[in-house]
1. Roughly how big is the chain's charge dipole about its Cα centre, with Cβ charges of +1 (Lys, Arg) and -1 (Asp, Glu), in debye to the nearest 20?
2. Work from the charge dipole of the chain (Cβ charges, +1 for Lys and Arg, -1 for Asp and Glu, about the Cα centre) and give the residue of Val95, Ser33, Trp17 farthest towards its positive end.
3. Restricting the calculation to Cα positions, tell me the Rg (one decimal) and the Dmax (whole number) of the range 49-130 in Å.
4. Roughly how compact is the range 86-136, stated as its Cα Rg over 2.2 N^0.38 Å to two decimals?
5. Work out how much length Leu36 to Asp99 would gain on full extension: take 0.36 nm times their residue separation and subtract the Cα-Cα distance, in nm to one decimal.
6. Taking the alpha-carbon centroid of each part, what is the distance from the range 97-123 to the range 9-73 in angstrom?
7. Using a 7 Å offset from the Cα along the Cα-to-Cβ direction at both Arg71 and Thr134, what is the distance between the two label points in nm, to one decimal?
8. Could you give log10 I(q)/I(0) at q = 0.11, 0.13, 0.15 Å⁻¹ for the chain, computed by the Debye formula over C-alpha point scatterers of equal weight, without solvent?
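Values quoted throughout were computed directly from the atomic coordinates according to the rules given, and no laboratory measurement underlies them. Note that this is a predicted model, so its numbers are computed, not measured. Glycine also receives a Cβ, built like all others from the backbone with ideal geometry; neighbour counts cover every protein chain displayed.
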Amino acid sequence: MSALRFGRSLKPFRRPWLWSALWCAAIAAVVISSLLPAADVPVPDMPNGDKLLHASAYLALAAMAVQLFPRWSSLLGAGIGLVLLGIGVEYAQGVLTVDRIADAQDALANTLGVIAGLGTRLTPLRDLLLKFDTRGS
């Protein structure tokens, strides 16, 4: 019987624990910042600046998933999970906070960010982290 290997669905990194932990930390940072009091979160001073912030955060999370996972099936799972996370966080804002509201347009911005982030899979940058991680080996 072969031993189970951590990160079987990940690209062949030298340090899969590190990159997975950083992605999880980024997800946690997005969730925490989404539930902070509104006054504590800097928002770009422009029309729909908060939507840009939402889309950017979820674009970054999805682009990080592209760096981690080699197969479309894994990316689809990560993408669906991120979309559901975005919807759940919006719901939590309405239920768990006193100065924030659940906003369907924010959830849409999150979803569009996920789609754009997954789109980086179609670019030459899709293996940037793998090249960085395995250089010199």
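1. Values: 12 positive and 9 negative charges, 223 e Å.
Dipole about the Cα centre, nearest 20: 1080 debye.
2. Trp17
3. Radius of gyration, then largest Cα-Cα span, for the range 49-130: 13.5, 44 Å.
4. Details: Rg = 16.8 Å, N = 51, 2.2 N^0.38 = 9.8 Å.
Ratio of Cα Rg to 2.2 N^0.38 Å: 1.72.
5. On the way: separation 63, 0.36 × 63 = 22.68 nm, distance 0.93 nm.
Going from the current span to full extension adds 21.8 nm.
6. With the range 97-123 and the range 9-73 each reduced to a Cα centre, they are spaced 10 Å.
7. With each label placed 7 Å out from Cα toward Cβ, I get 1.7 nm.
8. -0.45, -0.60, -0.76
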